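One structure below.
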Amino acid sequence: HTHTHTHKRSFTGIKGNFEYSYNPCTGYEEGGCKNNNAVCQSSKASCGRQPGAKFDTTKNPPTLTYYNGDQPPFPQKRISTISLVCDEGTDHKMETKDDPVKSEYVFTLTSKYACVQKNPPPPVTTQPPITRPIQPTTTSGGHTKQKTDNPISLGTILDLCVFFVLLSYFTIGFAFMYVRRGARGSEAIPNREFWIALPGLVKVSHGGPFSLSCKRKASKAARESLLGNSTLNA
């Protein structure tokens, strides 16, 4: 199935041994020039079609070549090559030096539109904030869960709880001993004998962390202190 193109020619009245018309970008129909025609000769024969056109920037000036034009009366299909010459002062001017004996046609298009456009400055982009990715972790059961970047761990929370409990214990106990019993200095420490004996209850395991073992025997003073304070607090 052949599509009918209704685009118009962009350049007309191009004089040589024959008269030519040309559309650099889209195919058009003119008389006997059909089927995606790019260059038409005297409204009778296509000298090249849009499909398969080749843009060559390695040449100076760069060229556009159109293939698969009409064949008769030549032994091969016609080809048209257009040299693109930059001239900022010329809107467009197209010339040809055609040779009716050959099937290759050479044109020169001089235009300000053939000039290389300067690249515009790159757009200004803002750097997105850097986010730390969520690292997956594997549980003991082999299941994968997402690990979030939580700055406060469970161990930290437990440490803070123990710290505030001990702080409250010593603050209230010191105030009680100071006001109610008139103790001064280290004597105002609540359960003083217990805390003095505590280092003896801490056992250091060789090559490992500290471990706390409760010995069966405690000092008599420590037991009486604990019992006395328990009775008092009750």
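The values are calculated or read from the model by the stated rules, or taken from the named source; none is laboratory data. If you're wondering where the values come from, they're calculated on a predicted model, not measured in any experiment. So basically every Cβ, Gly included, is an ideal-geometry build from the backbone, and we count neighbours across all protein chains shown. The area values use the complete protein model at the heavy-atom level, side chains included, leaving out ligands, DNA and RNA. Shrake-Rupley method; radii C 1.70, N 1.55, O 1.52, S 1.80 Å.
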Practice task
Round to the nearest 0.05 the FRET efficiency obtained for residue 17 and residue 55 when R0 = 41 Å and r is the Cβ-Cβ distance.
Solution key: 0.95
Fill in the blank from the handout: Per the 1/(1 + (r/R0)^6) rule, R0 = 25 Å and r from the Cβ atoms of residue 156 and residue 189, FRET efficiency to 0.05 is 0.35
Exercise for the section: With a 1.4 Å probe and every protein chain left in place, tell me how much accessible area residue 79 has, in Å² to the nearest 10. Expected result: 40 Å²
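Which net charge results when you count Lys and Arg as +1 and Asp and Glu as -1 among the other residues whose beta-carbon is under 13 Å from that of residue 33?
Working: positive: 8, 9, 34, 44, 49, 78; negative: 19, 29, 30, 70.
Within the 13 Å Cβ shell, the charges total +2.
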Completion exercise
Expected field for residue 178, accessible surface area in Å² at 1.4 Å probe radius, rounded to 10, holds 100 Å²
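Residue 163 to residue 42: extension gain in nm, 0.36 nm per residue of separation minus the Cα-Cα distance? Mind showing how you got there, number by number?
On the way: separation 121, 0.36 × 121 = 43.56 nm, distance 10.00 nm.
This chain segment gains 33.6 nm when fully extended.
Show 106, 85 ordered by accessible area, largest first, where the area counts protein heavy atoms only and the probe is 1.4 Å.
Working: 106 80, 85 50 Å².
Largest accessible area first, the residues go 106, 85.
Heavy atoms only, probe 1.4 angstrom, no DNA, RNA or ligands counted: give me 55, 174, 194 ranked by accessible area, highest first. All intermediate terms of the calculation are to be shown ahead of the outcome.
On the way: 55 120, 174 90, 194 60 Å².
Output order, biggest surface exposure first: 55, 174, 194.
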Exercise for the section: Take the Cβ-Cβ distance between residue 74 and residue 115 as r, set R0 to 45 Å, and report the resulting FRET efficiency rounded to the nearest 0.05. Expected result: 0.85
Exercise for the section: Go ahead and collect, in residue order, the members of region 154-176 whose backbone nitrogen is under 19 Å from a label point 7 Å along the Cα-Cβ direction of residue 198. Expected result: 158-176
